[in-house]
1. Work out how much length Arg244 to Leu326 would gain on full extension: take 0.36 nm times their residue separation and subtract the Cα-Cα distance, in nm to one decimal.
2. Taking 56 Å as R0, compute the FRET efficiency from the Cβ-Cβ separation of Asn272 and Arg319 and round it to 0.05.
3. Suppose we keep just the DSSP beta bridges with both residues in the stretch 179-310; what percent of those would be antiparallel, to 5?
4. Over all alpha-carbon pairs of the stretch 208-276, lay out the pair-distance distribution in 5 Å bins, whole %, shortest bin first.
5. Using the Cα centre as the reference, give the magnitude of the dipole from point charges on the C-beta atoms of the stretch 1-110 (Lys, Arg: +1; Asp, Glu: -1; all else neutral), rounded to the nearest 20 debye.
6. In the chain, what % of DSSP beta bridges are antiparallel (nearest 5)?
7. Determine the dipole magnitude for the chain: charges of +1 sit on the beta-carbon of Lys and Arg, -1 on that of Asp and Glu, nothing else is charged, the reference point is the Cα centre, and the result goes in debye to the nearest 20.
8. Whose amide H sits under 5 Å from the amide H of Ile329, counting only residues 5 or more places off or on another chain, with H placed in the peptide plane?
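No lab work stands behind these numbers, since they all come straight from the coordinates. Small disclaimer: the values here were computed from a predicted structure and weren't measured. Please note: Cβ atoms are built from the backbone with ideal geometry, for glycine as well, and neighbour counts cover all protein chains shown.
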Amino acid sequence: MNLPSQKALVPFVSVANMMALVNTAGIEPVLRDLAGYIEADFKRWPDFDKTPRVASHSADGVIELMPTADADNYGFKYVNGHPKNMKEGYQTVTAFGVLSSVANGYPILLTEMTVLTALRTAATSALVGKYLAPKGARVMAMIGNGAQCEFQALAFKAICGIDTVRLYDVDPKATEKALCNLAGSGLTVIPCRSGEDAIEGAQIITTCTADKQYATILTDNMIGSGVHINAIGGDCPGKTELHRDILLRSDIFVEYPPQTRIEGEIQQLEDNHPVTELWQVMRGEAPGRSDPRQITLFDSVGFAIEDFSALRFIHDRIRDTTFFDLLDILADPDDPRDLFGMVRRAA
Ligand SMILES: NC(=O)c1ccc[n+]([C@@H]2O[C@H](COP(=O)([O-])OP(=O)(O)OC[C@H]3O[C@@H](n4cnc5c(N)ncnc54)[C@H](O)[C@@H]3O)[C@@H](O)[C@H]2O)c1
């Protein structure tokens, strides 16, 4: 049998290798380094091709493709969101992605992105928190204690310096799991009986629930002045977490308005409701938090550039390591025009 040539091989990072990479480096250093890649790419936002993600909706969930490119690389992520999955023993969100060379279109990385999405979502949230959370914020409420939860808590510890997380989930088993996973993390972790209880004394409020409906995880009367809300779970048409009145009292910060207006909390508002783009805040071209009493809201939906940053990060990180396999996924006939001959000779 003919062995594939070097040109046929693409580095592939499996879930096992992603976990080994993260555990070897340590999750907090990984979150910090990844946030650095994301920040660098937000700061060069105009360099990217941008489009709202391509979403295929069904009664139970959504499957999405998230492409973007700069002059050198093209990246995309395949990701699903199926809130019912968890009860059936499947992940709500799974993903994989590809990074390619723009010069010849050849993929240069294929990787699992289920773990990587949790890392990049948390790193993005905490990066945004660094710009928008009240100064000296130490306590975060974490409502929704599913797959993303511990990543969020540790990212806010590593990047924003929180020392306490107050957990709440409608399912006490989820809170118990997070409590157990965060033991020994250096965070003070407090299980709470309700959303109201969880936000008590918190300067940062993260909502990270999964439900295929207009949910009201936070009601208007729960939110006082001077907090930062990191709203993760409202990320599809008809799937939101905050009462509309909170939005009307908040300064709203978004990734990419054309996508967030379709998918984010702001789908509840008029199309022209003012929002601030985060890349402009990071470049110092738009104000972030300007008043300690202000309510800032990161209406997070997850944008392709964050995945591109994550792909770049992994591509750089696996160099000179054993955290990848080489997969024979590209045809490489001896004569580029003789694809047919290559197939026939393999018979
Ligand atoms: N913005 C982004 O970039 C981004 C990225 C990844 C995931 N997400 C979204 O984040 C959400 C969480 O993802 P996950 O992978 O952790 O999901 P998950 O299913 O693992 O966990 C969701 C948790 O929310 C809890 N929950 C549901 N309704 C609740 C309520 N009313 N009050 C309190 N808790 C409630 C569930 O019991 C569950 O433990 C999903 O909606 C997902 O689509 C967003």
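1. Contour length minus the Cα-Cα distance gives 24.6 nm.
2. Efficiency, from the Cβ-Cβ distance: 0.75.
3. Of the beta bridges lying entirely in the stretch 179-310, close to 5 percent run antiparallel.
4. Bin by bin from 0 Å, the calculated values are 3, 18, 32, 27, 16, 4.
5. 180 debye
6. About 50 percent, rounded to the nearest 5.
7. Value, rounded to 20: 380 debye.
8. Val10
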